[in-house]
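Single-structure report; data block below.
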Amino acid sequence: MKSFAGPALFLDRSDINTDEIIPAKYLTEITKQDLKPYILEDLKLPGFDPKGKKTAKARVVVSRANFGCGSSREHAPWVFEVNDINVVIAESFARIFRQNMFNCGMAAIELPTQSLDVLFGYSGYGDTVIAVDIEAEKISIRGGGREDALSFQISPFDKALVLAGGWVDYADSKY
């Protein structure tokens, strides 16, 4: 069973595209695991280091609107998966990226701006941990001696995909 909790990586920008998540030059790699060292390699944000400790420790990504836009490729969710990041929380997602996350048994959680602002209020704490309860549709966040809880909604089918471990496992259990 995949974990949907852990240290948070805050990427405070809209329109982070799939080429920033995993550069196209690595799409010739043979296995998902071969993608691992290149996560977010081309993402340019002030103070962000794709090879840094925060990225290496991250298990949850928090971002802004239109996450995963650009080229449609499964490699973008795969690079998160092989780096043990199974949750991305954003205001919105590019449609194909979002569905690829669910198809891989990973969570793409959409929250309104106000709720994202609560999460980003924790971005300055080095000890911020986010836990997502898929079944209860709840997010818990702890850091800097504070904690909050938020709710989200996910369609029954997308929830079933995540809980099953992805499309293949879901199909095997149903057909």
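The values are calculated or read from the model by the stated rules, or taken from the named source; none is laboratory data. On a predicted model such as this, the values are computed, not experimentally measured, just so you know. All Cβ positions, even for glycine, are placed from backbone atoms using ideal geometry, and neighbour counts span all protein chains on display. Accessible surface areas use protein heavy atoms only, side chains included; no ligands, DNA or RNA. Shrake-Rupley method; radii C 1.70, N 1.55, O 1.52, S 1.80 Å.
One table, with the values for the structure above:
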item: Sequence-distant residues sharing a close amide H with Phe93 (under 5 Å, placed H); result: Asn66, Phe67
item: Å² of accessible area per residue within the range 1-78, as computed with a 1.4 Å probe and no ligands counted; result: 51
item: Accessible surface of the chain [probe 1.4 Å, protein heavy atoms]: carbon and sulfur percent; result: 50
item: Dipole moment magnitude, nearest 20 debye, the range 47-175 about Cα centre, only Lys, Arg, Asp, Glu C-beta charged; result: 340
item: Helical contribution to [θ] at 222 nm, DSSP H n ≥ 4, -39,500 (n - 2.57), averaged over the chain, rounded to 500; result: -7000 deg cm²/dmol
item: Mean separation of Cα contacts under 8 Å (6+ apart) over length of the chain, as relative contact order %; result: 23
item: For the range 1-70, the spread of Cα positions along each principal axis, largest first, Å; result: 29, 29, 22
item: Cα→Cβ-extended label distance, 7 Å offset, between Lys159 and Glu135, nm; result: 1.1
item: Full-stretch length increase - Asp127, Glu147 - with 0.36 nm per residue and alpha-carbon distance subtracted; result: 6.0 nm
item: Rh by Kirkwood over Cα pairs, then Stokes-Einstein D for the chain at 1.567 mPa s and 4 °C, µm²/s; result: 80
